[in-house]
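Encoded as C-alpha cells, the structure appears first; notes follow it.
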Amino acid sequence: MPALIDLRRRIKSVRNTQQITQAMKTVSMAKFKKAQRAVLEARPHWHNSPDLISEVVPWAEREVHPLFIEREEKKIEGLVITSDKGLCGAFNTNLLEKALSFFEEKAKRSQVNLVLIGKKAFSFFRKHPFPVDRAYSEQVQDLTSGDLKELAQFLMRLYVFNKTDAVYVAYNEFKSILYPRVTVTRLLPLSPPEGEAQEVLAPDWEPEAGSILNSLLPFYLESQIRHFYFESQAAEHAARMMAMDNATKNAEDLIGDLTLVLNKIRQASITKELLEIMTAVEALAGK
C-alpha cells in the first residue's frame, strides 16, 4: 500500500518538525525572558531621558552644543535594526517595508546613507541603491556595550562634522508578546518637545553649560542606542516564540488530519479485504 507508506512517512516528518519547533520555542522563551527583564528594568531610564533632554534644550543656547543645531536635511543617516535569523513571523518584513518607504520618501529631497544592524537588513538593502556606511551582519545578539557605544560615537561624529544633517532610527519596539510596534524616530538633532513655545527660566550653569552638555549628551545618545537595540532584541525573541508556538500547533493539527486520512484508508482497505473474503466464501459455498 504505497499510500499508507507515504502517509506514515509524512506523519513522521511532520512530527520531527514539530519537535524542532517546540525546541526552538523553548529556547526563544528563555531568551525572551532574559531580554524582557533587561528592557523592563532599564525602560524607566530610557523613557525619562528624552524628557530630561527636552527640558535642557530650551535652557541652553542652540550654539552651545553642535548636537542642538538643526540644518536643512540634505544628507541623512539611517540606522535600521533587524535580526540575523528568520522564523519570527513578520518581525523583519514589516520593519523593512516601513523603513524602505520612509527612506525612499526622504531620498526624494536628500541623500540617504545607512547603518545596518542584522543580517536581514543587510540582505534587504543590498538590493537597493542606498550607500551603506556600516553593517553589523554577523552575530548581532552578541553586540557588546562597547560596540553600541562606538556606534553612538560614530553617529555623533557624522553629525558634528556636518557629514549628515539628521539621524533616523528604524526598529521594532517591544510592546507586548503578541506584536511589536514598528518605530521610526529621529535621534539627531536634539530638539525640544513639539508644542507651543514656553518661556523657561534658564538656570545658572555650574560649571558652564558647554562642559555639562559635553558629558550629558554623549551619555544620552549611547543610552538611546542601547534602548533601540535591546527593545529590538526583546521584540525579536517574543515574535519567534509566538511563531514557533503557532508552528507547533499547526503541526499538531496537520498530524491529526493526516492520521484521520490514514485511518480512513486503512479502514477502506480492511473493508475491501473483508468483502473479498466474503465473496470468496459465498462462491465456495455455492459450489
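The values are calculated or read from the model by the stated rules, or taken from the named source; none is laboratory data. Just so it is clear, the structure is predicted and the values come from calculations on it, not from any experiment. Neighbour counts are summed over all protein chains in view; Cβ atoms, including those assigned to glycine, are modelled from backbone coordinates with ideal geometry.
May I ask you to verify whether S101 is surrounded by 15 or more Cβ atoms within 10 Å (Cβ to Cβ) and either of a type in the set (S, T, N, Q) or not assigned by TED's automatic domain parsing to the domain that holds N214 (or both)? No, not satisfied. Checking each residue in the range 163-181 for being at pLDDT 90 or above and either out of contact with any Gly (no Cβ under 8 Å at 6 or more places or on another chain) or not hydroxyl-bearing (S, T, Y) (or both) picks out K163, T164, D165, A166, V167, V169, A170, Y171, N172. Contact map, the range 1-30: first residue at positive phi, second residue modelled with pLDDT of 90 or more, Cβ cut-off under 6 Å, separation 6 or more or different chains; the map is empty.
Somewhere in the range 259-268, is a residue more than 24 Å from A3 (Cβ to Cβ) and more than 29 Å from the chain's Cα centre (by Cα)? There is no residue in the range 259-268 that is more than 24 Å from A3 (Cβ to Cβ) and more than 29 Å from the chain's Cα centre (by Cα).
Take L143 and tell me if it is out of contact with any Asp or Glu (no Cβ under 8 Å at 6 or more places or on another chain) and either surrounded by 17 or more Cβ atoms within 10 Å (Cβ to Cβ) or aliphatic (A, V, I, L, M) (or both). Answer is yes for this residue. Scanning the range 143-152 for residues that are part of a helix (DSSP H, G or I), farther than 14 Å from D133 by Cα and touching a residue at least 60 places away in the same chain (Cβ under 8 Å) turns up S145, L148, K149. On inspection, L79 fails the criterion of being assigned to a helix (DSSP H, G or I), out of contact with any Ser or Thr (no Cβ under 7 Å at 6 or more places or on another chain), under 20 Å from E150 (Cα atoms) and not β-branched (V, I, T).
Residue-by-condition table, conditions (1) outside any helix (DSSP H, G or I); (2) over 19 Å from the mean Cα position of the chain (by Cα); (3) at pLDDT 90 or above:
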position	(1), (2), (3)
S215	no, yes, no
Y220	no, yes, no
S223	no, no, no
A243	no, no, no
T248	no, yes, yes
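Taking the stated definitions as given, is T279 of a type in the set (V, I, T), under 34 Å from the mean Cα position of the chain (by Cα) and part of a helix (DSSP H, G or I)? For T279, the condition - of a type in the set (V, I, T), under 34 Å from the mean Cα position of the chain (by Cα) and part of a helix (DSSP H, G or I) - is not met.
Note on the range 83-114: residues that are touching a Phe, Trp or Tyr at 6+ places or on another chain (Cβ under 8 Å), touching a residue at least 40 places away in the same chain (Cβ under 8 Å) and outside any helix (DSSP H, G or I) amount to 2.
Residue-wise test of (1) surrounded by fewer than 14 Cβ atoms within 10 Å (Cβ to Cβ); (2) modelled with pLDDT of 85 or more; (3) touching a Gly at 6+ places or on another chain (Cβ under 6 Å); (4) within 30 Å of N214 (Cβ to Cβ).
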position	(1), (2), (3), (4)
S28	no, yes, no, no
A42	no, no, no, yes
N48	yes, no, no, yes
L67	no, no, no, yes
N92	no, yes, no, no
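Yes or no: K127 among the basic types (K, R) and surrounded by 16 or more Cβ atoms within 10 Å (Cβ to Cβ)?
Details: among the basic types (K, R): yes; surrounded by 16 or more Cβ atoms within 10 Å (Cβ to Cβ): no.
The answer is no for K127.
Does L155 satisfy the condition of being in contact with a strand residue (DSSP E or B) (Cβ under 6 Å, 6 or more places away or on another chain), within 29 Å of F68 (Cα to Cα) and in a strand (DSSP E or B)? So L155 fails the test.
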